[in-house]
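A short worksheet on the structure shown next.
The values are calculated or read from the model by the stated rules, or taken from the named source; none is laboratory data. In this text the structure is predicted, and so the values were computed from the model without any measurement. With ideal geometry, Cβ positions are generated from the backbone for all residues, glycine too; neighbour counts draw on all protein chains shown.
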Amino acid sequence: MNAAAPSSVLRLRYRVDGAVRFVGSRDLCRLWEQAIRRARVPVAMSQGFTPRPRLAFGLALPTCAESDAEYLDVRLARAAEDVADVPSLAEALDRCLPTGVDVTAVDLVDTSAPSLQEAAAVITWALWGLGQTTEELRDAASAALAADRLYIERERKGERSVDDVRGHLLGLTVVAPGGSPVAFHVDEPLVVADVRTAGRSVRPLEVAAVVFGAGDPGTVRIRRLAQWFDDNGRRREFVSPDGTAKHELLIAEGWR
Amino acid sequence: MTSVWPELERLLPRVRKPGRYIGGERGAQRPAHGEGIVSWLLAYPDVYEVGLPNQGLQILYEILNERDDAAAERTYAPWVDLEAEMRDHGIPLFSVESHRPAAEFHVLAFNLSSELVATNVLNMIDLAGVPLHAAERTADDPLVIVGGHAAFNPEPLADFIDAAVLGDGEEVVGELNETIRSWRGRGSRRELLHRLTSIGGVYVPSMYDVEYAPDGVDAHGRPVPGGIVGLSPCAEDVPAVVDKRTVADLAEWPYPKRQLQPLIEVVHDRLNIEVFRGCTRGCRFCQAGMITRPVRERPPEQIRTMVAEGLERSGHDQISLTSLSTADLSDIGPVLEGILDDQRRSDDAPDCGVSISLPSLRVDAFTVGLAEQVTSGRRAGLTFAPEAGTWRLRQVINKLITDEDLEAAVDAAFAAGWTRLKLYFLIGLPSETDDDVRAIVELASRCVERGRRHTPKASVTVSVGGFVPKAHTPFQWFGQNSGDELARKVALLRAAARKRRGVQVKWHDPDASTAEGIVSRGDRRIGAVIERVWRAGGVFQEWSEFFELERWTDALAAVGLPLDHVVHRHRGPDEVFAWTHLSAGLFHDFLWDDWRAALAESGLEDCRWTHCYDCGVCTGYDIDHVVASATPPGSVSAVPVELGGVSA
């Protein structure tokens, strides 16, 4: 397909909820390709011997984590004005996805928009199953935020390093059981962590370990609540989570 | 009705590929269990990625769940990491749909595709919390049954199973369900087992006694176990011989209707449509062909409909038309054209073309023409299975492909744009000489040279496996080559290949072939061997990372069975085989005569298109081939092929 061919990008926001969280991100990509095919989405295909649908995923979700804010850009073989009935397209896709993967919002964006992975600046995580009381969690959170440095040991490709992740931790809020403002329900205290994505970033399980001493992936639960990009100093979500598939041309809002 | 999910959920983050254990596949069912309903747990004794695509299991899954009085769920062998956690935390084997403990099902039914999964079967019975030995089970324990090709000699597992089902499962599974349902709670376990013997195709080992001759010594004075004198039923109404079940009309069983689509990546991840069952080519080494006679084709229209509906539903972009020899489907040309036409007409996304895979290609130029028709895009690798390096040896094994046929096919393949060929061969065949072995490389080398006329990238990979004689075949009397002998032949091949450009050799571990041979023609005494291997930690024996021949040879030594006697000995005409009371329909005399014919290097043509030589199956079961056409696909004339003719 040459540069002059009509094209636009369908930006999807989706949820990963329940047992499907155990499907790894590679397999999730495959399931998306299958769903796009079955829903007959007019996706653009890559060139070459084995044409593949042109999909660009946002930051990968760690296996075993749930999410209310996953993103996928689907490159369409149509100009934006020729894409009929985006809500129906989103619903058709949703029907073809496995239980627990749900499209929650959709937008059409310009093809020149920065990629999801490049533009993501801050992630908001919910952590629970940390094995402590609300008070204990609050004390640990305050201590971490008051500290100048927070060191963790990492091993990468056989090499050990000690990194200071304090600069990546933008905020820690402890929510008492039942006091959660978030859309899902847990019966225990929950921590909402805002984390900067720059550089090596810090993984949610690492936050649980370094701040709360809870590193067991079997008991610590993780859910991504939001991904934010920097809009001239203000943070905005890529697509608003109002829970319905909607059609809003961000070009109109000055997105370039 | 309990679920292990809450405990399991906490363990999954610690293991690799937790998606293996969550179910949730498209097409998965959540049947209701309860009063008047027989609960089946269909088990594939290997890891999820290997077991999920198994068609046999999916067919039975759908048939059972269509009934009001049956509920079927599935389970697969947990990988070693989860198994360790399960044993540590007291979590039993569970179904992937509702995560129900295996022991809460009424039937635990294993699909046995090969010999080396035997230790996994034991492991899964144990993980289920069911007594390992059938004799120790009570009326509250599930029935443990096995089916599939390797169930045609189930004797090595006789101590551990309650029943084996021989042949096609579609009809018999309903009869089993009915018998179990009407028995439930109304008698002892032994009464149920006795009732099962009245169902055609169902073999209950505990209803038969085996008599052995006294132990003796061989020609070298080494102690050898006594042979089998007889296998006889222990009650009058138990059949002396159990005959296999054969579905006469595949058209009545258009399954699977909703092929399972997994959440994680598995093998054979395409739309699989069975186009026929059975094979009459009569390759003498091939158990699958021998035990699934006669040929029953699916009607061409039904194939087309199943493909079209399956693609519409699943969104797959690849189809596989499965059978033992798909190019032999009588209407193969028109069927393929029909499928491609349907696709062209229905495609509103023309870039997403569908490609058709034809596993088991016949070795001739016609078949290459078919492959050309269906392979879109770049053509990389094509596979043929000549099985032997010389025409002489091919006549012995009855794989009647001449060198000219093979070279014409290869030429056609390279001319059509393929650059890599894979050729499958067996080594250790009856009457094989070193010249036959070296001929494999010479043949491959000639193929490379042919290929180089069309492309400089032409390469041929020779893939060899050690021949393991199987039950119910003309070669069941042949003494298997030793591991050392197989290794020597592999070295011969590798040395020869080093001198030839473009020829690569890959080979199956000869030690694994030896272990397969222990189970393949084993009798009940091999059960103790399998148990020892399992207790020594020998699970996933099909996987090279876990397989060690030493566990098997140690186990044999511990029970006093010499390896030579069990695997490498030639059997004579007086041998009473462990499966003598189980029938795939083939007359014993037919098999013996075919064995002698093999040694005389005499071939036997395909009886679909030539005269019947009365192997016993059709006359014995009063059935016939179901084929759409009286002439073989690709033949240039309407005259049936004469015996002694040279075409494939």
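Scanning region B:314-326 for residues that are away from every other protein chain (no Cβ under 13 Å), in a helix (DSSP H, G or I) and in contact with a Pro (Cβ under 7 Å, 6 or more places away or on another chain) turns up at least one hit.
Of the residues A:D68, A:D107, the single one that is away from every other protein chain (no Cβ under 13 Å), in a strand (DSSP E or B) and under 25 Å from A:I222 (Cβ atoms) is A:D68.
Of the set (1) touching a Ser or Thr at 6+ places or on another chain (Cβ under 7 Å); (2) within 28 Å of B:V210 (Cα to Cα), all apply to B:R521 but (1). Among the residues of region B:151-185, write down those that are without any contact (Cβ under 8 Å) to a residue 40 or more places away in the chain and within 20 Å of the chain's Cα centre (by Cα). Matches in region B:151-185: B:A151 only. Considering (1) more than 28 Å from the chain's Cα centre (by Cα); (2) among the hydroxyl-bearing types (S, T, Y); (3) over 20 Å from B:A600 (Cα atoms), the lone condition that B:T433 does not fulfil carries the number (3). Looking only at residues of region A:1-23 that are closer than 28 Å to A:S240 by Cβ and within 10 Å of another protein chain (Cβ to nearest Cβ), we find that the one that is surrounded by the fewest Cβ atoms within 10 Å (Cβ to Cβ) is A:G18. It is to be established whether one or more residues within region B:520-529 are outside any helix (DSSP H, G or I), aliphatic (A, V, I, L, M) and out of contact with any strand residue (DSSP E or B) (no Cβ under 9 Å at 6 or more places or on another chain). Within region B:520-529, none of the residues are outside any helix (DSSP H, G or I), aliphatic (A, V, I, L, M) and out of contact with any strand residue (DSSP E or B) (no Cβ under 9 Å at 6 or more places or on another chain).
Any chance region B:51-60 includes a residue that's more than 23 Å from B:E265 (Cβ to Cβ), of a type in the set (A, V, I, L, M, F, W, C), surrounded by fewer than 19 Cβ atoms within 10 Å (Cβ to Cβ) and touching a strand residue (DSSP E or B) at 6+ places or on another chain (Cβ under 9 Å)? No, region B:51-60 contains no residue that is more than 23 Å from B:E265 (Cβ to Cβ), of a type in the set (A, V, I, L, M, F, W, C), surrounded by fewer than 19 Cβ atoms within 10 Å (Cβ to Cβ) and touching a strand residue (DSSP E or B) at 6+ places or on another chain (Cβ under 9 Å).
Of all the residues in region B:446-467, those that are out of contact with any helix residue (DSSP H, G or I) (no Cβ under 8 Å at 6 or more places or on another chain) and either over 9 Å from B:L421 (Cβ atoms) or free of Cβ contacts under 8 Å to residues at least 24 places away in the same chain (or both) number 5.
Kindly indicate whether any position in region B:241-248 is at pLDDT below 95, surrounded by 17 or more Cβ atoms within 10 Å (Cβ to Cβ), more than 14 Å from chain A (Cβ to nearest Cβ) and assigned to a loop (DSSP other than H, G, I, E, B). No, region B:241-248 has no match at all. Filtered by the rule that a residue be within 16 Å of B:G167 (Cβ to Cβ), basic (K, R) and not in a loop (DSSP other than H, G, I, E, B), region B:258-309 gives B:R277, B:R296. Is it fair to say B:A598 is surrounded by 20 or more Cβ atoms within 10 Å (Cβ to Cβ) and either modelled with pLDDT under 90 or over 24 Å from B:E155 (Cα atoms) (or both)? So B:A598 passes the test.
If the condition is being within 12 Å of chain B (Cβ to nearest Cβ) and either among the polar types (S, T, N, Q) or in contact (Cβ under 8 Å) with a residue 40 or more places away in the chain (or both), then region A:207-230 contributes A:P217, A:T219, A:V220, A:R221, A:I222. Across region B:390-442, the number of residues qualifying as assigned to a loop (DSSP other than H, G, I, E, B) and of a type in the set (F, W, Y) comes to 1.
Exactly one residue out of A:R78, A:R37 is part of a helix (DSSP H, G or I), within 14 Å of another protein chain (Cβ to nearest Cβ), over 21 Å from the mean Cα position of the chain (by Cα) and more than 30 Å from B:R10 (Cβ to Cβ): that is A:R37.
Quick check on region B:373-382. Is at least one of its residues in contact with a Leu (Cβ under 8 Å, 6 or more places away or on another chain), part of a helix (DSSP H, G or I) and at pLDDT below 80? Yes. Residue under question is B:Y21, and the condition is that it be within 20 Å of A:G24 (Cα to Cα) and within 8 Å of chain A (Cβ to nearest Cβ); does it hold? Answer is yes for this residue. Each residue in region A:40-62 was checked for being more than 7 Å from chain B (Cβ to nearest Cβ) and in a loop (DSSP other than H, G, I, E, B), and 13 pass.
Of all the residues in region B:1-18, those that are under 28 Å from B:S113 (Cβ atoms), within 12 Å of chain A (Cβ to nearest Cβ) and either touching a Cys at 6+ places or on another chain (Cβ under 7 Å) or crowded, with 17+ Cβ neighbours inside 10 Å (or both) number 5.
Only one residue in B:V146, B:V238, B:V204, B:V217 is surrounded by 20 or more Cβ atoms within 10 Å (Cβ to Cβ), over 21 Å from B:A72 (Cβ atoms) and free of Cβ contacts under 8 Å to residues at least 60 places away in the same chain, so which one is that? The match here is B:V204. Candidates B:L108, B:L82: the one that is within 14 Å of chain A (Cβ to nearest Cβ) and within 29 Å of B:N272 (Cβ to Cβ) is B:L82.
Residue by residue through region B:468-496, note down the ones that are in contact (Cβ under 8 Å) with a residue 40 or more places away in the chain and over 27 Å from the mean Cα position of the chain (by Cα). Those that are in contact (Cβ under 8 Å) with a residue 40 or more places away in the chain and over 27 Å from the mean Cα position of the chain (by Cα): B:L492, B:L493, B:A496. Looking at B:E175, B:E191, just one residue is among the acidic types (D, E), more than 21 Å from B:G585 (Cβ to Cβ) and outside any loop (DSSP other than H, G, I, E, B), and that residue is B:E191. Selection of region B:116-168 for residues being closer than 17 Å to B:V533 by Cα and at pLDDT below 95 yields an empty set.
Candidates are the residues of region B:585-601 that are more than 15 Å from B:R281 (Cβ to Cβ) and assigned to a loop (DSSP other than H, G, I, E, B); the one that is nearest to the chain's Cα centre (by Cα) is B:G585. The residue that is nearest to the other protein chains (Cβ to nearest Cβ), counting only those in region B:24-55 that are hydroxyl-bearing (S, T, Y) and closer than 28 Å to B:E175 by Cβ, is B:Y44. Total residues in region B:556-575 satisfying the condition of being in contact with a Phe, Trp or Tyr (Cβ under 9 Å, 6 or more places away or on another chain) and outside any loop (DSSP other than H, G, I, E, B): the figure is 1. The number of residues in region B:586-613 that are closer than 16 Å to B:V295 by Cβ and either touching a residue at least 12 places away in the same chain (Cβ under 8 Å) or of a type in the set (K, R) (or both) comes to 10.
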